[in-house]
Each structure stands twice: as C-alpha cells, then as structure tokens.
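Below: one structure, written as structure tokens.
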Amino acid sequence: MQAPTSPELLARLVSFDTTSRLSNLPLIDFVEDYLAGYGIESRRVMDETGTKANLWATIGPDGPGGIILSGHTDVVPVDGQTWASDPFTLTERDGQLYGRGACDMKGFLASTLAAVPAMAGASLARPIHIAFSYDEEVGCLGVARLIDWLQKEAATPAYCIVGEPTLMEVVIGHKGKRSMHVTVRGLSCHSSLAPHGVNAVDYAAMMAVKLREIGARLAAEGPFDAAYDVPHSTAHTGVLIGGTALNIVPDLARLDCEFRVLPGVDADRLVEEFVGYAKNELEPQMHAISQDTGIDIDVFAGFPALDTPPDAEVTTLVRRFAGSNGDGKVAFGTEGGRFSETLGVPTIVCGPGSIEQAHKPDEFVARDQLTRCDTFLGRVVDWARAPG
Ligand SMILES: [Zn+2]
C-alpha cells in the first residue's frame, strides 16, 4: 500500500468537523486506526464528559528522552463566515489548500501522520511521541489533562515541538494568558427609583475601566520586550453585556476579559489586583444598598508564557531541523507554555502555514509549507534514528 501524502491526510483531517464545541472522537478514531496500521498503539486521555480525547502515542523505545510532536485537533467555528468553498472539504486553488483548520493546525498533524511510516520503519534510538489534544481554541483545556496524565504515567521526554503555524520559522517565546468571566449581581428596581437599586451595568463598566487602567500602567511602565509586536503585557475587555430596558435598573451584567503577559510577568498578581478592586472598592458600595449583590470573577482558562532561551539545546536542535537561525517571538499563545512550564520539557513552536490565515474565512495552508514541514519531520526522524 502506498503511504498517504500530507495533503491527502490533510483532506481527511479537514473532513472531520472538530469545532471545539463538538466531539473530536471521529477524528481520534481515524488517527488511532491509521497508527494501528503501522503497529503503533495509541493512548486516549479523555475529558470529563467522555466526548473528547487527547491522543498520545510513542514510536520507538519506551523510557525518557526523545521528542514530542504536539498539535491540537480542534478548530474555531465557521459560523457567520463566508467561504468560497465548503470549509470541511479541502480544496486546492493556486497551490493553496483551503479548509477550516488547514493552517491552524491540521497541516502539522497531517505532516506528522505522513511521517509515521518512516518513523515506524526506522529502528529508533530515541522515542518520537505524538500528542494530539482537544479544546486548545477554548483555552488550552485538553492539553492540561494530557500533561497531568504524563506527569503521573509517562517518562519525561527531552524536547517538544508545537506545530502551530509559524511559516516553519523557529519560535522561542509567546505571552501567557488569563481569561476571565466577570458576573456583576446588582439589584433591580424602576429607573425612577434608581438610587434604591444597584446598577449592575455601572459596576461592570467600572470593572472595564479598571482593566483599562491596569493596561495603561503596563504599557507605560513595562516590562518591555521589543521582540513582540506589542512589546508589553496587555489587559482587554472583549464582551460587556447587561440590562434589558431603559426604565429598569439592571440586576445583571457580564464581562469577558483577559490579561496577556510577557514571560516573567506574574499574571496571577494582576488577577489579584483586579479581584481586589472588586472586593475592596466596589462591593462595599454595592453592599451599602443590598448584601445580596456582588461581583464574581471566574478565571476560566489560561496558559503560561513560553520563554525558551535562544541558546537552549532545543533551540539549536530545532533550528537544524528547520534549516533556519530563527529565534522569533509571537503574539499568539500555544500549548507550548504548558509543556515548558508545567511539564518542564524545553519547547519550540514551529509549524506550517501563517497565523495570518488562521481563524479566518478561506483559511489555507500553502502546499509548499506542507512540503517544508515534511522535510523538517524527515530530519526529526533521522535525529531519532541516529543519535549523535
Ligand atoms: Zn492553533
């Protein structure tokens, strides 16, 4: 049987609608069967509902060392987007392969699977681990469970490559993130009696202004790293919802907001400052009218920053695979922060396609990016085969 190419495998992977809100199990079944065809056993690490799974597979010797090839299986929704062709049918136009997830990041998954026959056929001296996660796009949730499991059950790998789209450039750093839901519980009444109520929209607005103040301070005082497009940490409100009618004092409002921090900046301290403002400044004012009011802040997702030194072993190694001298830093987050910070495995981000195309209608990966990734992974296999 002819081994499938990376574009052929990408077409299969794109055909599974793995939008984060859906189960990824049909895709995981496919990958598991594919690996089994080469005699490779997979391990599933499920979510709490049993409808999503991380997949972990080791090729080569058991034991410590070797390298993780990591990617997420989920994709962002196509809702409200206008596509020139069906987003779940990979379509080629002018050397570009269009489909949801083509670039973010089923392209890397496809190249990894296309390299499996070479991995399985070689006698590897170092293990190559495949780590495919779920729910990356909604806050790197799946990989957290996978890493918990790895800490308990598996020997620690030496290196990790996260194949998020970097145009196959070597990326050593990204910011960390904390995502928060803020719920403001006020007290409703007729607007003509406004001072008798607790206006949830007003307090939500004050929380948004507080975030702006923290953001302004971070922008003015740093710390700074000029390697990032935005060279400082940021604070941002993405959603502010509240109220039902002009003549009702609103009893409920909601904010969705985030901090993104440079490596070395303590994101939890910023969250504490934000929570402290709610508890110490705003809630006493609200409680003066009614004890049943308040502000609840739920940090529902986040990931650590990635900060791999330019002279680290893993950086030198992955530069060799990529045929590049890069040491870039990117604005977007990845699962790399978790592999590096939580699991303690030196990590680099390097994968096919451009983040410019991610999450958009008519997302694509260029065919030659997949070819470059195939070459890159061929070098990974050579390295695992012949230590030295
Ligand atoms: Zn991604």
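Values quoted throughout were computed directly from the atomic coordinates according to the rules given, and no laboratory measurement underlies them. Source: prediction; values computed, not measured. All Cβ positions, even for glycine, are placed from backbone atoms using ideal geometry, and neighbour counts span all protein chains on display.
Number of residues in the stretch 332-347 that are assigned to a loop (DSSP other than H, G, I, E, B), within 15 Å of the ligand (Cβ to nearest atom) and either buried (at least 24 other Cβ atoms within 10 Å of the Cβ) or of a type in the set (Gly, Ala, Ser) (or both): the value is 3. Taking the stretch 235-277 as the range and being free of Cβ contacts under 8 Å to residues at least 40 places away in the same chain and closer than 23 Å to residue 172 by Cβ as the test, only 266 passes. Across the stretch 53-87, the number of residues qualifying as touching a Lys or Arg at 6+ places or on another chain (Cβ under 9 Å) and more than 20 Å from residue 40 (Cα to Cα) comes to 10. Looking across the stretch 138-153 at every residue that is more than 16 Å from the ligand (Cβ to nearest atom) and surrounded by 19 or more Cβ atoms within 10 Å (Cβ to Cβ), the one that is nearest to residue 301 (Cα to Cα) is identified as 145. Considering the conditions (1) away from the ligand (no atom under 16 Å from the Cβ); (2) under 30 Å from residue 132 (Cα atoms); (3) outside any loop (DSSP other than H, G, I, E, B); (4) of a type outside the set (S, T, N, Q), residue 161 is excluded by exactly one of them, (1).
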